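The values are calculated or read from the model by the stated rules, or taken from the named source; none is laboratory data. Everything quoted here is computed from the prediction, not taken from an experiment. With ideal geometry, Cβ positions are generated from the backbone for all residues, glycine too; neighbour counts draw on all protein chains shown.
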Amino acid sequence: MAKTGILTVVMVSLMLSMSVAVTAQRGASDTGRHDLVGKPFDAVISRIGDGDTLDAIPVGESRAIRIRLEGIDAPEQDEVFGREAMALIRGLLFEQRVRVHGRELDRYGRLVARVARDGTDASAQLIRAGLACHAYAYDAALAREEAQARTAGAGFWAAAAKKPACATTTAFSARQQTGAPPPSVPPALESAARGRTATAFRGNVESRLYHAPHCRNYTCRNCTQVFASEAEAKAAGFRPAGDCLKH
């Protein structure tokens, strides 16, 4: 083959590789969006990953962001009731305009958020149907929804139904199995709220959330502000992070 022919083949191969890379990049979801934390916005749901993970394109933008629904843990696709959870979310949100309230970024860069369509909260809908557990970030309304779903035997709470991992490992499951009612305040923060700890807390200077040492994101990149107590963190305008409510 002549040199010009070889060069042509090489150039075509490079151009194809670059095209594939650009296409893959455009199709990927955008993570690490600190600018969306604490800022409600409208978006259109472009992809459903599973029962509690989805992609959304903010109105006025062209690139999707990855969202993890706050306050719940839905079964994985290969778990029992995983497909049902995904189907519910797909029917409620897919290709629909929604309102997103971003709370924080998780360790994977996903926006942990509450997502609602026409006032219907996706996290609450999954819990109400017995297709997700209330987990990670304590919410009194979600705790009540889970208690009612258990009583009604909805979804995987039915007596004869097989249980996904979240239904056997969450703190709320343990409390319900012993007959104890859901707590009115997050137990992981209760003692600190009463001033009975001298543990150092770290504040995320971007999201304005604070973390205790047991929290998953305690050593996050932006957790550079240190507080001697929760009271000190709150006085500085910081809020407790959702990852601190499960340990």
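Data table
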quantity: Scope segment 150-179; condition surrounded by 13 or more Cβ atoms within 10 Å (Cβ to Cβ) and at pLDDT below 90; matching residues; calculated: Ala165, Cys166, Ala167, Thr169, Thr170, Ala171, Phe172, Ser173, Arg175, Gln176
quantity: Qualifying positions in segment 36-64 - of a type in the set (Gly, Ala, Ser), within 25 Å of Ala135 (Cα to Cα) and part of a loop (DSSP other than H, G, I, E, B); calculated: Gly38, Gly51
quantity: Number of the exception - Ala85 against (1) under 15 Å from Phe41 (Cα atoms); (2) part of a helix (DSSP H, G or I); calculated: (1)
quantity: Pairs where the first residue, in segment 145-157, is in contact (Cβ under 8 Å) with a residue 24 or more places away in the chain and closer than 11 Å to Phe81 by Cβ and the second is among the β-branched types (Val, Ile, Thr) and surrounded by fewer than 20 Cβ atoms within 10 Å (Cβ to Cβ), C-beta under 8 Å, 6+ apart; calculated: Phe156/Val80
quantity: Pair list, Cβ under 9 Å, 6 or more apart: segment 218-229 residue under 12 Å from Ala241 (Cβ atoms) and of a type outside the set (Gly, Ala, Ser), other residue at pLDDT 75 or above and exposed (fewer than 12 other Cβ atoms within 10 Å of the Cβ); calculated: Cys220/Arg107
quantity: Where Val226 falls short, out of the listed (1) modelled with pLDDT under 75; (2) more than 22 Å from the chain's Cα centre (by Cα); (3) more than 19 Å from Tyr138 (Cβ to Cβ); (4) β-branched (Val, Ile, Thr); calculated: (1)
quantity: Number of the exception - Leu54 against (1) touching a strand residue (DSSP E or B) at 6+ places or on another chain (Cβ under 6 Å); (2) surrounded by fewer than 21 Cβ atoms within 10 Å (Cβ to Cβ); calculated: (2)
quantity: Pick from segment 57-78, criterion in contact with a strand residue (DSSP E or B) (Cβ under 9 Å, 6 or more places away or on another chain) and acidic (Asp, Glu), ranking: farthest from Val37 (Cα to Cα); calculated: Glu76
